[in-house]
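For reference, the structure discussed in these notes is given below.
The values are calculated or read from the model by the stated rules, or taken from the named source; none is laboratory data. Computed from a prediction, not measured in an experiment: that's the story for all the values here. Here the Cβ positions follow ideal geometry from the backbone for every residue, glycine too, while neighbour counts run over all protein chains shown. Calculation scope for accessible area: heavy atoms of the full protein, side chains included, ligands and nucleic acids excluded. Shrake-Rupley method; radii C 1.70, N 1.55, O 1.52, S 1.80 Å.
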Amino acid sequence: MEAIAEVIDGRGACRVTDLADRFGVSHVTVVRTVQRLSDEGLVETEPYRPVGLTARGRRLARHCRDRHDVVYRFLLSLGIDEQTAGVDAEGIEHHVSPATLERFRELADRTGA
């Protein structure tokens, strides 16, 4: 969701090939994933058309972006370099509990990261 939103924001539209290139996976893998997201009501898609986010998908993408930003800022507040913090935030954001995320937010806000 986050990647789709980022591509739309950066290019104005998101195509399956954009996602395949970004993640280094096959076109078929992206099509299957996009179909699953469509079935869940998160994206809108038609053959040979860009992938769009539904209102629910946009909310989820914003939520994911927020989680990522909080974890990233927290890691920066620990003195982790930007590149490492970016890579690590990608994994941590998916597994951190709401309570831990809130504590990360408090500490990052306090340090101004």
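Candidates in the stretch 43-92 are the residues that are within 22 Å of Leu19 (Cα to Cα) and of a type in the set (Val, Ile, Thr); of these, the one that is most open to solvent (accessible area, probe 1.4 Å) is Val87. Residues in the stretch 31-70 that are touching a Ser or Thr at 6+ places or on another chain (Cβ under 8 Å) and within 11 Å of Arg15 (Cα to Cα): Val34, Thr45, Val51, Gly52.
Kindly indicate whether Arg65 is at pLDDT 95 or above and not β-branched (Val, Ile, Thr). Judged against the criteria, Arg65 is not a match. Looking across the stretch 16-42, the residues that are under 14 Å from Leu53 (Cβ atoms) and either open to solvent by 70 Å² or more (accessible area, probe 1.4 Å) or of a type in the set (Gly, Ala, Ser) (or both) come down to Ser38, Glu40, Gly41. Restricted to the stretch 1-95, the set of helices (runs of 4 or more DSSP H) holding at least 1 residues that are touching a strand residue (DSSP E or B) at 6+ places or on another chain (Cβ under 8 Å) and without any contact (Cβ under 8 Å) to a residue 40 or more places away in the chain comprises 2-11, 16-23, 27-39.
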